[in-house]
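To start, the structure itself, in structure tokens.
The values are calculated or read from the model by the stated rules, or taken from the named source; none is laboratory data. Just so it is clear, the model here is predicted, and its values are computed rather than measured. Positions of Cβ are generated from backbone atoms using ideal geometry, with glycine treated the same way; all protein chains shown enter the neighbour counts.
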Amino acid sequence: MYEVTAAERDQFEKLGFFTRPGQFSATELEEIRAAAESAHQRVLEAAERGESGEVDQVDNQKYQDVLGSTIKWEWDDDLRAVRSMEPVFQLEKRLGAVIDDPRLWKPCADIIGCSELSLFSDKLNVKRPGGAPFPWHQEGPYWAYGAEDLERVVTLILYLDDATVDNGCLWIIPGTHRYGALESLKDRGTLGRLYTDVDRLEEKPLAMDLPAGSVAYFHRDIVHGSQTNRTDQNRRAYLLAYQPSGLRQWRNREHREIRTDSLPA
């Protein structure tokens, strides 16, 4: 029922991604958005109470450990908002059910070639109105620090809101996964080694402007980035990465196996 089709597999191998629009209903999305906002509010309140680590400024990025999650704050000090939080499912039990949804993990299992999976990472991206862009990058070089089996990690994005060019949707450069880890920027501060030098590439960027409820599956090495949210609406997304069973999560080094009992008999 949820298996990857021959066409999807071919596109994943050649271009490094495929999409499945309309996988989650409006009712389901309402519940997931509520869970995302609940986690966001818990982080804000804990940070205000001082139940958090020190803010770590790296170049123009601000990081902080709050409630077991690595928080990346918006660049603009006047915009008191989270850019991303990872991991996040421990803050909201409803997100655990999303992680175990076979509409999400089963295609990843097919790509990996493994019937039982564990969670590698879960991250909530929150781009509020005015939310800043994120430079071109690949996940592979970033995840290499701590992954136990990087070659068998597959990632996806569940769109919680409509994603458009105006609200800072994801952009990818199809086919760039075939190059492996690409040359990084040399003049972009400490974090430049994690940003991809796209001037060397001939491939053209593609906007991943998809409606809420869509799911996009990606190879870890595909080059991607995003732009500023120029609208008055949120652009939220839940990112999940899966790996073979028995391996530890990337951030917290704990085990989180995927429940397969929700599959039809």
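Within segment 1-51, the residues that satisfy the criterion of being surrounded by fewer than 16 Cβ atoms within 10 Å (Cβ to Cβ), in contact (Cβ under 8 Å) with a residue 24 or more places away in the chain and not in a helix (DSSP H, G or I) are 1, 3, 21, 22, 25.
Total residues in segment 182-215 satisfying the condition of being out of contact with any Ser or Thr (no Cβ under 9 Å at 6 or more places or on another chain) and of a type in the set (Gly, Ala, Ser): the figure is 2. Looking across 207, 181, one residue alone is touching a helix residue (DSSP H, G or I) at 6+ places or on another chain (Cβ under 6 Å) and either more than 30 Å from residue 25 (Cβ to Cβ) or of a type in the set (Gly, Ala, Ser) (or both). It is 181.
Note on segment 128-156: residues that are of a type outside the set (Lys, Arg), under 17 Å from residue 85 (Cβ atoms) and in a loop (DSSP other than H, G, I, E, B) total 2. Residue pairs whose Cβ atoms lie under 7 Å apart, separated by 6 or more positions or on different chains, with the first residue in segment 210-222 and of a type in the set (S, T, N, Q) and the second modelled with pLDDT of 95 or more, are 214/19; 214/20; 214/21; 214/22; 214/23; 214/159. The numbered conditions (1) assigned to a strand (DSSP E or B); (2) among the basic types (Lys, Arg); (3) over 16 Å from the mean Cα position of the chain (by Cα) are all true for residue 193 except (1). Pairing residues of segment 90-102 that are among the acidic types (Asp, Glu) with residues that are in a helix (DSSP H, G or I), at Cβ distances under 8 Å and at least 6 apart in sequence or on separate chains, gives 92/35; 92/36; 92/38; 92/39; 92/42. The single condition among (1) surrounded by fewer than 17 Cβ atoms within 10 Å (Cβ to Cβ); (2) at pLDDT 95 or above; (3) part of a loop (DSSP other than H, G, I, E, B) that residue 167 does not satisfy is (1).
Results for (1) within 14 Å of residue 222 (Cβ to Cβ); (2) modelled with pLDDT of 95 or more, shown as yes or no for each residue.
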{"position": "172", "(1), (2)": "yes, yes"}
{"position": "176", "(1), (2)": "yes, yes"}
{"position": "183", "(1), (2)": "no, no"}
{"position": "187", "(1), (2)": "no, no"}
{"position": "194", "(1), (2)": "no, no"}
{"position": "200", "(1), (2)": "no, no"}
{"position": "206", "(1), (2)": "yes, yes"}
{"position": "209", "(1), (2)": "no, yes"}
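Within the option set 56, 76, being within 24 Å of residue 253 (Cβ to Cβ) and at pLDDT below 95 holds for one residue only, 56.
Among residues of segment 125-154 that are surrounded by 19 or more Cβ atoms within 10 Å (Cβ to Cβ), those with a Cβ under 6 angstrom from a residue that is among the acidic types (Asp, Glu), sequence gap 6+ or separate chain, pair up as 138/221; 140/221. Considering (1) at pLDDT below 95; (2) assigned to a helix (DSSP H, G or I), the lone condition that residue 83 does not fulfil carries the number (2).
The residue that is nearest to the chain's Cα centre (by Cα), among those in segment 113-132 that are among the hydrophobic types (A, V, I, L, M, F, W, C) and closer than 20 Å to residue 74 by Cβ, is 124. Counting the residues of segment 54-113 that are out of contact with any strand residue (DSSP E or B) (no Cβ under 6 Å at 6 or more places or on another chain), of a type outside the set (A, V, I, L, M, F, W, C) and over 30 Å from residue 5 (Cβ atoms) gives 14.
From the list 235, 230, 200, which one is touching a Cys at 6+ places or on another chain (Cβ under 8 Å), more than 28 Å from residue 115 (Cβ to Cβ) and of a type in the set (D, E, K, R)?
Every option except 235 fails the conditions.
Mind checking whether some residue in segment 40-56 is within 19 Å of the chain's Cα centre (by Cα) and on the phi > 0 side of the Ramachandran plot?
Here is the first cut: in segment 40-56, the residues within 19 Å of the chain's Cα centre (by Cα) are 40, 43.
Narrowing the set further to residues that are on the phi > 0 side of the Ramachandran plot leaves none.
Scanning segment 40-56 turns up no residue that is within 19 Å of the chain's Cα centre (by Cα) and on the phi > 0 side of the Ramachandran plot.
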